[in-house]
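Heads up: the structure comes next, in structure tokens.
Where a number appears in this text, it was derived from the coordinates with a stated rule and is not lab data. These figures come from a predicted structure and were not determined experimentally. Glycine gets a Cβ as well: all are built from the backbone with ideal geometry, and neighbour counts include every protein chain shown.
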Amino acid sequence: MIRRLVAAACVCLLTAAADPPLDHASDARALDRLIVENYAYIDRLPGGRLPDSPALAAERDAVRSGEALLHYAEDRIASLADHHAITGQSFRDSWALVPSFTDVWVVRDGDGYVIDAVRDRSPAAEAGIHAGDRLVAVGGRPVADAVTGFWDRLGLTETPQRADYAVRVLVAGRRDGPRRLIVERNAVRRELTLDSLYTRTRSGPPVIVDRTGRTSTLRFNDSLGDSATIAAFDTAMAAVPPGDRLVLDLTDTGSGGNTSVARAVMGWFVDRPTGYQVHTLPVEERETGIARQWIEQVLPRAGKRWRGHVSARVGRWTGSMGEGMAIGLDAIGVPVMGTRMAGLLGAVYDFTLPASGLRVKFPAERLSSVSGVPREDFVPKPEPSDRRRPH
């Protein structure tokens with residue numbers, strides 16, 4: 001018996017010793033091919049091709065471990081300057097995801113940067129940062145220098161698209177530490193230290209109901225990816241008095257979601273199958289020369305129909321599926337009001353690298369409204385001044 005156990009142990013050791021090490025180097029090259037073959041917006045990149053540089057090439061060639069592969073994957077994904085492209089894993093000190101874990105939306109203004117929006121109930125809001133404030137410095141560096149440095153490290157030239165991407169990532173900060181910003185208002189500068197949003201625990205139900213007068217507002221608590229939202233929304237809708245004005249608040253949906261939840265919500269507002277967004281799959285045309293495009297529909301739901309007044313509210317933290325709902329609601333005749341949304345590109349697919357199993361996520365489909373407007377270019381109607389909330 002002892003001899004059998006020893007023999008079995010020897011077989012196990014020999015088998016383990018025979019297993020080849022993971023080929024992380026090949027995965028680094030495979031990542032580049034996956035993006036070239038599947039990224040839906042490759043034509044929007046400088047020169048219409050995957051960005052590369054001596055710095056990125058040296059990093060790719062040096063990949064020999066899982067840690068080095070993840071570092072390269074983060075840098076390669078960042079080279080797309082696309083907030084909708086991310087890695088499935090991260091380090092403790094990886095950059096925060098935008099817009100899910102940021103509370104300040106920054107845009108270029110001439111040679112500088114201005115704060116366009118501040119997230120409600122966030123560290124930035126608590127610190128008194130307002131839309132219209134100018135961003136002077138981030139992480140102890142003048143903001144323009146910090147943005148240039150972000151791209152210099154990757155060996156890539158700064159462009160307007162890359163500057164927009166980098167400044168928002170820099171302001172979101174590292175996941176494991178506070179952020180240091182200098183903002184200016186009326187020539188007065190303030191130096192601020194803000195907690196990372198990764199230190200804040202979200203709480204509350206999937207749908208938050210607020211009734212003021214004869215207006216019922218149903219606010220999605222960044223919950224469009226939670227299947228429990230369907231039942232919560234149905235319950236909230238059943239309790240809305242028939243004569244109320246109904247507002248669907250999508251201003252806190254920065255983490256996106258899935259079409260099941262979105263179609264369940266929109267199904268309350270149609271009485272026939274209705275197209276709500278258009279999908280285009282560029283990879284099929286690249287492979288076959290034949291374009292592929294289709295219209296996704298929302299269907300009515302038995303026993304669930306709202307026939308009263310309804311509108312939707314959107315903003316900078318309306319992202320991904322929240323933006324899909326916005327163009328869908330607009331398509332079915334619901335007024336969509338507010339400010340520009342996050343402008344996230346397309347529909348994200350998951351891709352797994354063959355040797356390591358590391359997952360990356362990036363847009364493989366383009367999305368547009370049924371009228372042909374790219375989702376990221378959709379502009380809502382201005383919200384009436386008496387219904388605008390302070391930032």
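Using a 7 Å offset from the Cα along the Cα-to-Cβ direction at both Ala57 and Arg272, what is the distance between the two label points in nm, to one decimal?
5.9
Once mean projected area of the Cα convex hull in nm² is worked out from the coordinates, which option in (i) 19.7; (ii) 21.3; (iii) 25.8 does it equal?
(iii)
At what distance in angstrom do the alpha carbon centres of segment 341-368 and segment 151-184 lie from each other?
Cα centroid of segment 341-368 versus Cα centroid of segment 151-184: 22 Å apart.
Starting from 0.36 nm per residue, how many nanometres of slack lie between Asp377 and Thr201 once their C-alpha separation is accounted for?
60.2 nm
Along the positive direction of the dipole of the chain (beta-carbon charges: Lys, Arg +1; Asp, Glu -1; about the Cα centre), which of Gly322, Gly88, Val63 reaches farthest?
Comparing the listed Cα positions along the dipole, Gly322 ranks first.
If amide hydrogens are placed 1.01 Å from N in the peptide plane, which non-local residues have theirs closer than 5 Å to the one on Ala137?
Result for Ala137 returns Val143, Ile182.
Between Gln161 and Thr352, what FRET efficiency comes out of the Förster formula 1/(1 + (r/R0)^6) with R0 = 35 Å and r the beta carbon distance, rounded to 0.05?
With a Förster radius of 35 Å, E is 0.80.
Taking 45 Å as R0, compute the FRET efficiency from the Cβ-Cβ separation of Val107 and Ala239 and round it to 0.05.
Here the calculated transfer efficiency is 0.70.
Please give the FRET efficiency for Gln293 paired with Ser227, using the beta carbon to beta carbon distance and R0 = 35 Å, rounded to the nearest 0.05.
0.75
Hand me the GluC sites (Glu not before Pro) from segment 289-384 located in a DSSP loop with no more than 10 other Cβ atoms within 10 Å, in residue order please.
Passing both the DSSP loop test and the Cβ count: no residue.
Hey, can you grab everything whose amide H is under 5 Å from the amide H of Ser227? Only 5+ residues off in sequence or another chain; H modelled, so Pro and N-termini drop out.
Hits under the 5 Å cutoff: none.
For a paramagnetic label modelled at 7 Å from the Cα of Arg189 toward its Cβ, which residues of segment 129-151 fall within the zone defined by backbone nitrogen distances under 15 Å?
In segment 129-151, the label zone of Arg189 (backbone N under 15 Å from the point 7 Å along Cα→Cβ) covers 134-146.
Sequence gap at least 6, Cα distance under 8 Å: using those rules, report the relative contact order of the chain to the nearest whole percent.
16
To check you understand DSSP bridge types, tell me what percent of the beta bridges within the chain (both residues inside) are antiparallel, rounded to 5.
Within the chain, antiparallel bridges account for around 75 percent of the total.
So, with +1 on the Cβ of K and R and -1 on the Cβ of D and E, and no other charges, what is the size of the charge dipole of segment 104-199 about its Cα centre, to the nearest 20 debye?
So the magnitude is around 200 debye.
Filter the trypsin sites (Lys or Arg not before Pro) in segment 282-320 to those in DSSP coil with at most 16 other Cβ atoms within 10 Å of their Cβ, and list the result.
Hits after loop and neighbour filter: Arg292, Arg305, Arg307.
Within 10 Å of each residue's Cβ, count the other Cβ atoms and sort Met341, Met266 from fewest upward.
Met266, Met341
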